[in-house]
Amino acid sequence: MYILLIIINGYKFQQKYLSDVRNHIDRIVATLGLKEISQSTLVRKLCTLSGHHRTRKAIFEFDKLIRSIYTLRYLRDPQLQRNVHRSQNRIEEYHQLRSVIAQVSGRKELIGHTDLDIEISNQCGRLVANIVIAYNSILISGLLNRYLAENNQKALDRLKRISPVAWQHIHFLGHYAFRDKQNPIDLDVILASFVLL
């Protein structure tokens, strides 16, 4: 049984904060737009200001306004809800892939003794994850082209549910043979063996 609820936004926008420091906010937006400062640096600087500072109050007030608008849009738009959940699932899949890559050779802890070693290890893990995603995307794109040409709607519907972040078909352990330009991997041969049931 569903109960009809009316959602009322209890937030009341304090416009006085914004109008007092309009020039400061315009300058901050321009600085961010020109990439003269990063968002993290800006937030760090704003948080060092006192809680009663007018610019800080205005930006935090503006943030509340944007979040309220987004929340109301989210509650009213089922498509936005689906898109948000799909995006969260993709992020979770990526983290699971990174975890699997980190567990290769039984390692879950950070590899390296210095910050540079740890950063290199982390970037190598990201590189492997991005290669897996690129490889899957190439295969999915090839299958999409084939099934569009064949006008196979059943396979196209099934293809929509396949994630480019999948790794179950990839063997991470073992010997890696990197090929040179004279013997490239023939993706057409690999794609010819794929059939979506």
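The values are calculated or read from the model by the stated rules, or taken from the named source; none is laboratory data. Quick caveat, the model's predicted, so the values are computed rather than measured. Note: ideal-geometry Cβ built from the backbone for every residue, glycine included; neighbour counts use all protein chains shown.
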Practice item. Kindly indicate the residue of region 82-103 that is touching a Ser or Thr at 6+ places or on another chain (Cβ under 9 Å) and at pLDDT 90 or above and also surrounded by the most Cβ atoms within 10 Å (Cβ to Cβ) among those meeting that condition. Key: Glu93
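Let's see how each residue does on (1) part of a loop (DSSP other than H, G, I, E, B); (2) within 23 Å of Leu72 (Cα to Cα); (3) modelled with pLDDT of 70 or more:
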{"residue": "Tyr2", "(1), (2), (3)": "yes, yes, no"}
{"residue": "Leu5", "(1), (2), (3)": "yes, yes, no"}
{"residue": "Gly10", "(1), (2), (3)": "yes, yes, no"}
{"residue": "Asp26", "(1), (2), (3)": "no, no, yes"}
{"residue": "Leu32", "(1), (2), (3)": "no, no, yes"}
{"residue": "Ile37", "(1), (2), (3)": "yes, no, yes"}
{"residue": "Val43", "(1), (2), (3)": "no, no, yes"}
Review point. Here are some residues: Ile59, Ile91, Ile138. Which one is among the β-branched types (Val, Ile, Thr), in contact with a Leu (Cβ under 9 Å, 6 or more places away or on another chain) and assigned by TED's automatic domain parsing to the domain that holds Phe172?
Key: Ile138
Practice item. Search region 117-146 for residues that are free of Cβ contacts under 8 Å to residues at least 60 places away in the same chain and pair each with any residue that is assigned to a helix (DSSP H, G or I) and of a type in the set (D, E, K, R) when their beta-carbon atoms are under 8 Å apart and the residues are at least 6 apart or on different chains. Key: Gly125/Arg98; Arg126/Arg98; Ala129/Arg98; Gly142/Asp188
Practice item. Can you run down the residue pairs with Cβ atoms below 7 Å, 6 or more apart or on separate chains, where the first is in region 86-99 and closer than 13 Å to Val132 by Cα and the partner is among the hydroxyl-bearing types (Ser, Thr, Tyr)? Key: Glu93/Ser163
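Residues checked against (1) part of a helix (DSSP H, G or I); (2) among the aromatic types (Phe, Trp, Tyr); (3) closer than 20 Å to Ser99 by Cβ; (4) touching a Gly at 6+ places or on another chain (Cβ under 8 Å):
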| position | (1), (2), (3), (4) |
| --- | --- |
| Ile133 | yes, no, yes, no |
| Tyr147 | yes, yes, no, no |
| Leu173 | no, no, yes, no |
| Ile190 | yes, no, no, no |
Review point. In region 45-61, what residues are touching a Lys or Arg at 6+ places or on another chain (Cβ under 7 Å) and in a helix (DSSP H, G or I)?
Key: Leu46
Check your understanding: With respect to Arg98, is the statement that it is under 29 Å from Leu187 (Cβ atoms), in a helix (DSSP H, G or I) and charged (D, E, K, R) true?
Key -> yes
Study note, to complete from the structure: Of the residues in region 104-139 that are under 22 Å from Arg86 (Cβ atoms) and in contact with a helix residue (DSSP H, G or I) (Cβ under 7 Å, 6 or more places away or on another chain), the one that is surrounded by the most Cβ atoms within 10 Å (Cβ to Cβ) is Val132
Exercise for review: Using the structure shown, decide if Tyr74 is at pLDDT 90 or above, hydroxyl-bearing (Ser, Thr, Tyr) and assigned to a helix (DSSP H, G or I).
Suggested key: yes
